[in-house]
Every structure is written in C-alpha cells, then in structure tokens.
Amino acid sequence: MRSIGETAGDSGLSVSALRFYDGAGVLVPVLVDPASGYRWYGPEQVEEARLLARLRRTGMPLADIRLVLAGWAGQDTDLVRGLLRAHLHRLERGLSDARSELSAVRALLERRENPMITSIGASNGASASTPRATTPTARLTVSGPELAAALDAVRFAVSADPELPVLGGILFDIEGGALRVVATDRYRLAVARAGATGHTGPRLQLLVPAPLADAMRALLSEDAPVLLTVDGDRVALETETADRQAAGRCLGHEFPDYRRLVSLPAGRRVLVDVPALREALETGPVRPAEREQDGATGDVSVLKVTGADEVSQASQASQVSLCGDEDDDPANVGLNRAFLLDALAAGNRDRLVLELGAPKAPVVVRRPDDEETFSLLMPVRLDA
C-alpha cells in the first residue's frame, strides 16, 4: 500500500489532483481510513495514475479516461486503442477547425488590406477496425418479461459512434442464475438484470449488436420464457414454441469492465418524484453546452440538492431543484438534459433514487425496488 503522498510523488499528479480523481470516480483508492479519511493506493494504481496524468495532458475527457483505465486493468487492448484513436481524431478535427477559423480571420484581415486576396481551409477523415472473437456454447432459459424490461432499461445508452464499434451493442453477461444486460456510450451507462436458468458453466459474456438486440426485443411480446442459445460467435433467441427466432453474430470486441466503472464513492441518495422532475426538466432553466468532450451538445440542466423530499422547478424546500445561470454553487451538478430524461424513462417508475456524489462524479439513477437496474450519467462541467 502507498500513501497518497507517495502515489503523488511517483505518478506526477498532485495530492489535490488525486483527491479530485477519487471524488470523480476515476481513480478510487484501495482503502480509505474511516477515522482520518486518509487514502491508500495499491502498487498497480501508481501505473494507472501515471497513465491518467498522460491522458489528461492530452485533454482527454474524464468519461473516456475511466474507460481507458478499465480497459488497461483488464488488458483490453482493443478498447484502449479504440479510445486513443477516437481522441486523436477528435484532436485532429479540433486542430483542423482551429486552422480553418484562423485562416478565415487572416482572410478578413487581408481583405481589409487588399480586397482581392482570399483563402480557404482544410478537411479531415477517420477510420476504425473491427476484430473478431468467439464465445463458448451455452443454452439458457430467460424470463421473457424480465428480459424485455431489462433491454428497455439499457437500450438508450448504446453508442452510435462509428469510431467505437465496441460500444455499438448490448453486453449479455451470463453468470449463475442471472443475465445482466449492459450498454454505454462513454457518457452514460445502464445496467439491468433478468432471471435465467440452465447455464451452469463459467461466466459468459457476449456483445450483441444493437439491431439484433432490437430484433430480440420484438419477440418478447408474450408473458412466457424464451430460450437463449450461444454457439461460438453466434447467438439466437427463440420463443418457447420455437415458432419465432432472432439470430445473428456477436460483435467481435471485448466490452469494458462495467463492474469497475460502477464502483463509485458513496454519495447522497435522494428519492425523487419522476413526473414532477420530468416536468421541471422540460420547462425549467437550462444552460447551452457545445463542448463535445463533455458528452453534451445540447441543453444542460443544473441540479441543486437541498433539504426535503419532493422535486419542483424553483422550490427551495425540495431535495432536487433546477438552477439558472445566476446560481454558481460549486456543489451543483450539471447533466445533459436529454440524457437525464432518457434515464428517467428507462427507470420506468414514478419514484426513482438519484445518487449524487461530488459535482464531477457520475450521477446514478436507481429503482427503489430493484438495486440491480440503474443508469449512470457523467456530469457536464459547469466551470468552463
């Protein structure tokens, strides 16, 4: 074990930076002394801290860094390379855009001096590779209604980014008597569970393409069990009477270790009235966001935790209220409004639990009657 001071000295990060990354759920220490609050890190976390420092120097957003560290710990080189490639393309696009804008400014300046002079900018491109993998054979029976509800709870979080095909599907994680489905687009992550029987082997993970997952969901219209079959890199779902089937090949990528991603510092749990919060979000104050690195290109809703147990737009007596531009409390949490509305809809309850930690830590949306179905949303920076 290494103290926070030793870890700071060995990694090049400051002690305050390590405290920040702990609060943001990016690099959480192995042990925190309950009496003093002092942080202790494992030897392997020094390498992760050095990697974190390098990535932050490139301007990589925290949402991507969390996935890089998860892939690094799990030796998932395809995921890490994909994230690095996507960030490099983003930097190249930003540089190209900056060159174009500066060229336009120079053109304006030159036209002032000589109206006959003009100039033009440049363009860029990107690509991605798709490796293949295989999985063992398995057959299990799954509750149709439970699987339908689970897919509905995570579908909104599937990525549509062509540069990261590893996130373009839904993970089916089979272990013991449970099937967990998981999706993430880096800025939000959703997990749900369905009961399953028949699989007695080791833990099995397969990445189902989003279109195939949608076809599977279309089969689940009856209150009956279904059969899920995995054969190599092929997966099939069929009804109990075998009269309908959705089948196809799994994506040949390893999904990031979502169990690591949802290991977050404890935060405040707030029970919210979903219809009231939805109305407040749809009609309340928002801030514009145009920073792609924050995962927010639309409106941002700023949440403020206060002191009672209901939700409204302006009431200071409610536990969660929405803030305008004039409220710059550093404890406020900014979230992409559309993402939060999606998470509330996926929660499918009139009351849901919000878990809010530090302002830069992910916000978790849980069902009060089902702790294993939840969404995790990355916050949007409010200080830039």
What single numbered condition from (1) modelled with pLDDT of 90 or more; (2) within 21 Å of the chain's Cα centre (by Cα) fails to hold for MET216?
(2)
Residues satisfying the stated conditions in region 257-279, i.e. closer than 10 Å to ALA70 by Cβ and part of a helix (DSSP H, G or I)
TYR258, ARG259, ARG260, LEU261
Can you confirm whether region 254-269 contains a residue that is modelled with pLDDT of 85 or more, more than 30 Å from LEU31 (Cα to Cα) and touching a strand residue (DSSP E or B) at 6+ places or on another chain (Cβ under 9 Å)?
no
Looking for something buried (at least 18 other Cβ atoms within 10 Å of the Cβ) and out of contact with any strand residue (DSSP E or B) (no Cβ under 8 Å at 6 or more places or on another chain) - is there at least one such residue anywhere in region 178-193?
yes
In region 154-177, the residues that are under 14 Å from the mean Cα position of the chain (by Cα), surrounded by fewer than 24 Cβ atoms within 10 Å (Cβ to Cβ) and at pLDDT below 90
ALA160, ASP161, LEU164
Scan region 194-213 and tell me whether some residue there is touching a Phe, Trp or Tyr at 6+ places or on another chain (Cβ under 7 Å), within 22 Å of LEU376 (Cα to Cα) and at pLDDT below 90.
no
Matching residues in region 39-77 (buried (at least 16 other Cβ atoms within 10 Å of the Cβ), farther than 20 Å from ALA157 by Cβ and not small (Gly, Ala, Ser)) number 12
Boolean, GLU163 is acidic (Asp, Glu), in a loop (DSSP other than H, G, I, E, B) and either within 21 Å of GLU254 (Cα to Cα) or in contact with a Phe, Trp or Tyr (Cβ under 8 Å, 6 or more places away or on another chain) (or both):
yes
Could you say which residue among GLU290, GLU238 is in contact with a Ser or Thr (Cβ under 8 Å, 6 or more places away or on another chain) and modelled with pLDDT of 90 or more?
GLU238
Looking only at residues in region 326-354 that are part of a loop (DSSP other than H, G, I, E, B) and in contact with a helix residue (DSSP H, G or I) (Cβ under 9 Å, 6 or more places away or on another chain), which one is surrounded by the fewest Cβ atoms within 10 Å (Cβ to Cβ)?
ASP350
Extreme residue, surrounded by the most Cβ atoms within 10 Å (Cβ to Cβ), among residues of region 194-224 that are within 24 Å of GLY252 (Cα to Cα) and charged (D, E, K, R):
ARG217
Being under 26 Å from the mean Cα position of the chain (by Cα), modelled with pLDDT of 50 or more and closer than 30 Å to VAL208 by Cβ is the requirement here; does THR130 meet it?
no
Region 324-345 residues that are among the β-branched types (Val, Ile, Thr), paired with ones that are buried (at least 16 other Cβ atoms within 10 Å of the Cβ) and in a loop (DSSP other than H, G, I, E, B) (beta carbon under 7 Å, 6 or more apart)
VAL333/PRO359; VAL333/PRO379
Among (1) over 27 Å from the mean Cα position of the chain (by Cα); (2) buried (at least 17 other Cβ atoms within 10 Å of the Cβ); (3) in contact (Cβ under 8 Å) with a residue 60 or more places away in the chain, GLU238 falls short only on (3)
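The values are calculated or read from the model by the stated rules, or taken from the named source; none is laboratory data. Everything quoted here is computed from the prediction, not taken from an experiment. When we count neighbours, we look across all protein chains shown, and the Cβ atoms used for this are built from the backbone with ideal geometry, even at glycine.
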